[in-house]
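To start, the structure under review is shown below, and the notes come after it.
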Amino acid sequence: MKNITFALLLSLLLSACLPDEPTFEDFRRAEVQRLLSNQEVKRWRLEDRLLFNEEVVFDSCEVSRQIIFNFTSAGNDKDSLFYINPADTCGNSTDTLKGFWYVPKTIKAEIPIDTVVFVWKGTDTAFFQLRDLNPKDFSISTYFKQDSLSESFTHFPLPPVEEEEEEENDDQ
C-alpha cells in the first residue's frame, strides 16, 4: 500500500511541474498565421527599426508606417500583404509595398515554426525570423547578416466600419 501511495504522490508532483501554456517556441504554422492576421485582416504599426544593429530614427513622415496581413483560407499561400506609409502630412502621397506573405509549411503540422516570408511584387523576397509574437505585438529580424534588419510592431486596430463610412461622408 505504501508503494502505491508513493507512486501516486510522485506522479502528481511530476505532472504539476509541466508547463500549462505553450511558449513562443511551441507555435505551429496555424497559430503564427492566426496571431499575425487574426484569421482575416490585422494591421500593425511599426514601433522601431534596427539596421545593422543601429536604431533608425524616423522622420515625421515615417512614424505611422504600418504592415497589414490579409488572410484567406485558400491553400495557395497567396495571402496579401501591404507595407504602407500613409504620408498624408508629407506631400499627400502614399508609399506602399504590395505583395503576399506566408508561413513555410513544415513536414508535420505539429512541428514549431518561427519563420515568416514576405514576397514584395517586383522587389524582393524576404525571410524573417519571428523573435516575439503575441496578440498585441511582434518583432522580426532577417536571417541573413547582409540584410541585418530588425523591426518591432504593435497591433493597430482597424477602425469600425461605421466610423470609416462617417469619415467618407464627411469628406464629401
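Here are the numbers for this structure:
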quantity: Interchain or long-range residues, amide H under 5 Å from ASP95's placed H; calculated: ASN85, ALA87
quantity: Cβ-based net charge around PHE128, under 13 Å, with every Lys or Arg adding one and every Asp or Glu removing one; calculated: -3
quantity: ARG131 paired with ILE111, simple spin-label distance in nm, labels 7 Å along Cα-to-beta-carbon; calculated: 2.6
quantity: Charge context of SER152, other residues only, Cβ under 9 angstrom, K/R +1, D/E -1; calculated: -3
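Where a number appears in this text, it was derived from the coordinates with a stated rule and is not lab data. Bear in mind that the values here come from a model prediction, so they are computed numbers and not experimental data. Ideal geometry is used to build each Cβ from the backbone, glycine not excepted, and the neighbour counts take in all protein chains shown.
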